[in-house]
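Q: Have a look at the structure that comes next, please.
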Amino acid sequence: ATLPATIISRCSIVQFHPVSDAELLAAWPEDSERIPFCHGRPGLVKKLRPEDITRWTKLIQLAPVRRLTAIAEMKRDQAIQQLEHLETAVYRQAHEQPSQIALQALRRIAGARQSLSTNAQVKLVMTNLLLNIYPSV
């Protein structure tokens, strides 16, 4: 279903840009260890857990089949939260070593997030993502 033209004509696009680490640190000095992982996304300051990002960073370096240990019995809300950690791990790798592969990995994460917003089976979505995020290591 599309939106009526009268609704669309009253809408506007709001662009958000990354916030500097200095601004994030000024707002949340108690979270200084998390800020480098947020990459300018203030909504992640309180959500991200550095230990989960480290775990995902190590996990995506494994062979695809070995990555599946991370998704044993994940519920939808857990999977969505873990996608944020995984995405941050990929952002970190892309920052250190930019590549087309990292961009494809971020697109796959976005696709998984979209699938999880529907009634798609969590384990199937996460299995597909982990097998294909970096097809070969």
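Q: Within the group 92, 67, which residue is open to solvent by 70 Å² or more (accessible area, probe 1.4 Å) and part of a helix (DSSP H, G or I)? Please lay out each step first, then the result.
A: Values: 67 fails: open to solvent by 70 Å² or more (accessible area, probe 1.4 Å).
From the options 92, 67, the qualifying one is 92.
Q: Enumerate the pairs (first residue in segment 1-30 and free of Cβ contacts under 8 Å to residues at least 24 places away in the same chain and at negative phi; second residue anywhere and surrounded by 10 or more Cβ atoms within 10 Å (Cβ to Cβ) and of a type in the set (Ser, Thr, Tyr)) with beta-carbon separation below 8 Å, excluding pairs fewer than 6 apart on the same chain, so at least 6 apart or on different chains.
A: Listed pairs, sorted by first residue: 25/32.
Q: Go through (1) under 17 Å from residue 84 (Cα atoms); (2) open to solvent by less than 80 Å² (accessible area, probe 1.4 Å) and name the single condition residue 18 misses.
A: (2)
Q: While we're looking at this one, here's another question. Pull up segment 107-137, narrow it to residues that are of a type in the set (D, E, K, R) and in contact (Cβ under 8 Å) with a residue 12 or more places away in the chain, then point me to the one that is most open to solvent (accessible area, probe 1.4 Å). Explain how you work it out, then say what you get.
A: So the first thing to find is which residues in segment 107-137 are of a type in the set (D, E, K, R), and the list is 107-108, 113, 123.
From what is left, the residues that are in contact (Cβ under 8 Å) with a residue 12 or more places away in the chain are 108, 113, 123.
On the way: 108: 87, 113: 75, 123: 108 Å².
Looking at residues that are of a type in the set (D, E, K, R) and in contact (Cβ under 8 Å) with a residue 12 or more places away in the chain, I get 123.
Q: Select, from 101, 109, 35, 53, the only residue that is of a type outside the set (D, E, K, R), out of contact with any Ser or Thr (no Cβ under 6 Å at 6 or more places or on another chain) and farther than 13 Å from residue 133 by Cα. Steps first, please.
A: Numbers: 101 fails: farther than 13 Å from residue 133 by Cα; 109 fails: farther than 13 Å from residue 133 by Cα; 53 fails: out of contact with any Ser or Thr (no Cβ under 6 Å at 6 or more places or on another chain).
Testing whether each residue is of a type outside the set (D, E, K, R), out of contact with any Ser or Thr (no Cβ under 6 Å at 6 or more places or on another chain) and farther than 13 Å from residue 133 by Cα leaves just 35.
Q: Taking the options 104, 78, name whichever one is open to solvent by 60 Å² or more (accessible area, probe 1.4 Å), of a type outside the set (D, E, K, R), in a helix (DSSP H, G or I) and closer than 24 Å to residue 15 by Cα.
A: Details: 78 fails: closer than 24 Å to residue 15 by Cα.
Result: 104 is the single residue among 104, 78 that is open to solvent by 60 Å² or more (accessible area, probe 1.4 Å), of a type outside the set (D, E, K, R), in a helix (DSSP H, G or I) and closer than 24 Å to residue 15 by Cα.
Q: Kindly indicate the residue of segment 46-64 that is touching a residue at least 60 places away in the same chain (Cβ under 8 Å) and in a loop (DSSP other than H, G, I, E, B) and also surrounded by the most Cβ atoms within 10 Å (Cβ to Cβ) among those meeting that condition.
A: If we take residues in segment 46-64 being touching a residue at least 60 places away in the same chain (Cβ under 8 Å) and in a loop (DSSP other than H, G, I, E, B), then 60 is surrounded by the most Cβ atoms within 10 Å (Cβ to Cβ).
Q: Could you check how many residues of segment 21-45 are within 16 Å of residue 95 (Cβ to Cβ) and surrounded by fewer than 11 Cβ atoms within 10 Å (Cβ to Cβ)?
A: The qualifying residues number 0.
The values are calculated or read from the model by the stated rules, or taken from the named source; none is laboratory data. All values reported here derive from a predicted model rather than from experimental measurement. All Cβ positions, glycine included, derive from the backbone under ideal geometry; neighbour counts span all protein chains shown. These area figures cover heavy atoms from the full protein model, side chains too; ligands, DNA and RNA do not enter into them. Shrake-Rupley method; radii C 1.70, N 1.55, O 1.52, S 1.80 Å.
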